[in-house]
Amino acid sequence: MDVLLLQPPKHYWPFVSADDNFVVPQGLIYLAAHARLSGLTVGVIDCNPIKMGFRSLYDFVAEHKPKVVGIGENHALYSHEAFKTFRMVKEASPDTLTVAGGAHFAHLYQAALLDPALDYVVFGEGELTFTELCQRIAGHTGAGRPDVTDILGVGYCEDGVVKSTGSRPLIRDLDDLPIPAYDLLPMELYGTSKYLFSPGGATIQHSRGCTLSCSFCAWWTMMANRKENEDGTVTLTPRWRTFSVPRHLEEVELLVKRYNKRCMMYVDESWNISPKFNLEFSEEVVKRGLDIKWFAFMRADAMLRDYETGVLGKMVEAGMAHICIGVERAEDSDLQAWNKHRYSTSQTRRVFQILKDEYPQVFRQGTFIVGVRDETPDTMWQQAELAKNLGLDYPAFHPVTPVPGTVVYEEAKAQQLIELDDFKKFDWMTPVMSSKYMTRDEIAWQIYEMNKTLVTPEWLLKGLTDATPYRRSMYLWWAKVAANMALDQLKRLVNPLNSLDHTNLVKPVWYDH
C-alpha cells in the first residue's frame with residue numbers, strides 16, 4: 001500500500017450516544033480520491049465507526065507497511081491522539097513516513113515537526129500537495145527521506161531546523177477535483193442516529209473558505225490566499241469558492257442513490273455566500289425530485305438578501321430543514337472587534353423572525369460565545385436574553401476557546417491568559433480562561449443556569465408537538481443532550497474531584513483494543 005489515511009481512535013462527545021459522534025471524514029476522502037487518481041494505491045481507515053482501537057491499528061500498520069500514513073486534524077483537542085498514532089506507526093513500521101495536515105498542525109508546524117514521529121506537514125488546501133508528496137515518497141529508492149524542496153506547501157525538519165517550501169496557490173476550479181472516495185469508507189455505519197440529522201445523515205460540502213476573517217475562527221485560514229512576506233511571515237486573506245451546481249449534485253445523487261443518505265450535513269463554513277448557487281441548486285433539487293433534507297451553517301446577512309429576492313423560499317422547498325447561525329454576541333461592538341464585519345444583532349433578529357413566521361418547518365439553531373475577556377454575570381445573561389428573544393429552537397453557549405491559528409489565540413497566549421494549556425481540554429465546553437470578572441468555574445456554572453432557563457418542559461413540549469417530523473426528532477435529540485449536560489454539571493458540583501481541569505470527552509471501551 002502506498003498511502004494510508006487515518007482517522008485515529010478518538011474520545012467522543014459524552015452527552016449523546018457514541019454513534020452520534022461518527023461523521024464522514026470529508027478531508028480524508030478528498031485526499032484519497034485525488035491521490036488514487038494519480039495512480040497511487042490508497043486506503044482509508046476511520047477507526048471510530050468500525051471501533052478499531054490502537055492495538056488493532058498497530059497490527060494493521062505492521063502487516064501492510066504503507067509508505068505514507070496521513071492524518072488531518074482541524075481540532076486542537078484531538079491533536080494528542082494524532083501524535084499518539086504517529087508514534088505507534090513509527091514503532092509498527094519504522095520506514096513509513098508520516099504526514100499531518102489540517103488547521104492545527106499547519107499553524108503549529110514549527111513545534112510539531114520537532115517531534116521525530118512526524119516527518120511532514122501539509123499546509124492549507126491539501127489535495128495537490130499531498131498527492132505530489134506521496135508520489136515523491138512512493139518513487140524514492142535511496143536512503144533516508146526524499147528531497148521535497150520543490151513541492152509547494154510542505155513543512156519538514158532537517159538537522160533539527162524546521163523548514164517550509166512556501167505556500168501553494170489555491171485550486172482555481174474546484175470542479176477539477178474528483179468525487180470524494182466514499183467507496184473507501186463503511187458508509188452504512190454513518191448517519192445511523194434515530195434523531196440526529198435523520199434519516200441517514202452524511203457530511204458534504206459545496207464550497208470552501210469564507211469571505212470573513214473572524215479573529216476567533218481558524219477554519220477560514222486553511223482556505224485563504226497566502227502571501228509570503230520578506231520577513232518570513234505569511235499574510236492571509238479570506239477567499240471563498242464553490243463547486244458548480246452540476247458537479248455538486250452529482251455528489252448528492254451518489255449519496256442518495258448508492259448510499260441511501262437523505263440528510264445532507266453541510267460542513268461549509270458559510271453555505272449561502274453565492275445567491276447564484278443558492279438559486280440554481282434549489283431549483284435543480286426540486287426539478288430532479290431529490291427527496292432530501294439538509295443542514296447548513298448560514299450567514300444572516302446573506303439570508304436576508306435571499307429572502308428579499310425570493311431565493312430563501314426556494315431553498316426551503318429544496319429541503320433546507322435546519323440552519324445554524326453564528327450569533328456570537330448580543331453586542332455589535334464585540335462582533336466588530338472580532339472582525340465579523342457586516343453583521344449586526346438587528347440582522348440576526350430579523351432573520352430568525354422571518355424563519356419563525358414564514359418558514360416554521362425549519363429548525364432554528366444559534367451559537368453564542370461567552371466568557372470573553374470583559375464578561376460579567378450581567379453580560380452573560382444578555383446573551384441568554386437574546387437567545388430567548390430570537391425564538392431559537394436550540395441555543396448553544398460555548399466558552400471562548402483560543403485555538404491555534406486565530407488572533408484570539410495569539411493575544412491570549414501573549415497576555416498569558418490561557419489557564420488550561422493542554423489541548424485535550426479545548427472541547428468548546430470547558431472554559432480554559434477566566435474573564436476579568438468571572439472565574440472559569442463561574443462561567444461554567446452560569447452556562448448551566450442559562451441553559452436551564454431556556455431548555456424547559458414548555459420548550460420540549462412545543463418541539464414534541466411540532467407538525468414537522470424533522471423538528472420533532474431534533475427536539476428529542478437536544479432534550480437528551482441538555483439533560484445529560486445538566487447531570488454532568490451537577491456531578492461536578494457534588495464531587496469536587498470533578499473539576500474543570502479534566503476533559504469532558506469520553507474514552508470508548510474499544511479505544512485501546
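The values are calculated or read from the model by the stated rules, or taken from the named source; none is laboratory data. Quick caveat, the model's predicted, so the values are computed rather than measured. Heads up, the Cβs are rebuilt from the backbone with ideal geometry, glycines too, and the neighbour counts pull from every protein chain shown.
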Please verify whether Asp268 is more than 23 Å from the chain's Cα centre (by Cα) and of a type outside the set (Ser, Thr, Tyr), treating the condition exactly as stated. no
Could you tell me whether Phe197 is in the same structural domain as Trp428 (by TED's automatic domain parsing) and either in contact with a helix residue (DSSP H, G or I) (Cβ under 7 Å, 6 or more places away or on another chain) or crowded, with 21+ Cβ neighbours inside 10 Å (or both)? yes
For residues in the stretch 134-152 being without any contact (Cβ under 8 Å) to a residue 60 or more places away in the chain and of a type in the set (A, V, I, L, M), which is surrounded by the fewest Cβ atoms within 10 Å (Cβ to Cβ)? Ala143
When you go through (1) surrounded by 18 or more Cβ atoms within 10 Å (Cβ to Cβ); (2) more than 22 Å from Gly126 (Cα to Cα) one by one for Asp291, which number turns out not to apply? (1)
Can you tell me which residue within the stretch 89-111, out of those that are part of a loop (DSSP other than H, G, I, E, B) and touching a helix residue (DSSP H, G or I) at 6+ places or on another chain (Cβ under 9 Å), is surrounded by the fewest Cβ atoms within 10 Å (Cβ to Cβ)? Leu108
Taking Asn260 and the conditions (1) over 30 Å from Leu189 (Cβ atoms); (2) touching a Gly at 6+ places or on another chain (Cβ under 8 Å); (3) among the polar types (S, T, N, Q), which numbered condition does it fall short on, given that it satisfies the others? (1)
Across the stretch 189-216, which residue is nearest to Glu127 (Cα to Cα) among those that are touching an Asp or Glu at 6+ places or on another chain (Cβ under 6 Å) and part of a loop (DSSP other than H, G, I, E, B)? Gln205
Counted residues in the stretch 164-188 being touching a Leu at 6+ places or on another chain (Cβ under 9 Å), surrounded by fewer than 18 Cβ atoms within 10 Å (Cβ to Cβ) and not in a loop (DSSP other than H, G, I, E, B) come to 0
Flag for Gly155 being modelled with pLDDT under 95, surrounded by 19 or more Cβ atoms within 10 Å (Cβ to Cβ) and not assigned by TED's automatic domain parsing to the domain that holds Thr235: no
Of the residues that make up the stretch 28-36, is at least one closer than 16 Å to Lys507 by Cβ, touching a residue at least 12 places away in the same chain (Cβ under 8 Å) and not acidic (Asp, Glu)? no
I need the helices (runs of 4 or more DSSP H) fully contained in the stretch 23-85, keeping only those with at least 3 residues that are surrounded by 18 or more Cβ atoms within 10 Å (Cβ to Cβ) and in contact with an Asp or Glu (Cβ under 8 Å, 6 or more places away or on another chain). 26-37
For Leu114, are the conditions met, namely being assigned to a loop (DSSP other than H, G, I, E, B) and within 27 Å of Arg241 (Cβ to Cβ)? no
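Matching residues to (1) buried (at least 19 other Cβ atoms within 10 Å of the Cβ); (2) among the charged types (D, E, K, R); (3) touching an Asp or Glu at 6+ places or on another chain (Cβ under 6 Å):
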position	(1), (2), (3)
Arg440	yes, yes, no
Glu449	no, yes, no
Pro457	no, no, no
Leu461	no, no, no
Thr465	no, no, no
Thr468	no, no, no
Arg471	yes, yes, no
Ala479	no, no, no
It is to be established whether one or more residues within the stretch 370-387 are surrounded by fewer than 18 Cβ atoms within 10 Å (Cβ to Cβ), basic (Lys, Arg) and without any contact (Cβ under 8 Å) to a residue 24 or more places away in the chain. no
Does any residue of the stretch 220-243 turn out to be modelled with pLDDT under 95, hydrophobic (A, V, I, L, M, F, W, C), buried (at least 21 other Cβ atoms within 10 Å of the Cβ) and part of a helix (DSSP H, G or I)? yes
Top-ranked residue in the stretch 394-429 [being assigned to a helix (DSSP H, G or I) and modelled with pLDDT of 90 or more; ranked as surrounded by the fewest Cβ atoms within 10 Å (Cβ to Cβ)]: Ala414
